[in-house]
Amino acid sequence: MNEADSKCGGAGVRQPLLLRADEVAHLVSISTRTLWRLVSSGQFPSPIYIGGSTRWRLSDIKSWVDECRSGGRRDLRCESEKQEPLRPNDG
């Protein structure tokens, strides 16, 4: 089966265990092009290939996000999330 009960979504809520590229990109708020760039540079978990399909394990994505939040990764995406927001000129 490709779904599992969500621990944080309440009883009966199902989440897929394997995600497509567009779903992963949406989940981490990046474009699919950026997703593939990060994968190619080794800064993002590698997908798995099943027949003609490319998928990511939800657990791998969650681990990557957790590492970014804890400061355990020094990836381009993780670093950009820590930058101060831009402010308009007062001038």
Kirkwood-based Rg over Rh for segment 16-65 (C-alpha set), two decimals?
-> 0.92
Roughly what would the spin-label model give for Ile30 and Ser70, points 7 Å off Cα along C-beta, in nm?
-> 2.0 nm
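Read-outs: derived from the displayed coordinates by stated rules, not from any lab. What you are looking at is a predicted structure, and each value in this text was computed from that prediction instead of being measured. Glycine also receives a Cβ, built like all others from the backbone with ideal geometry; neighbour counts cover every protein chain displayed.
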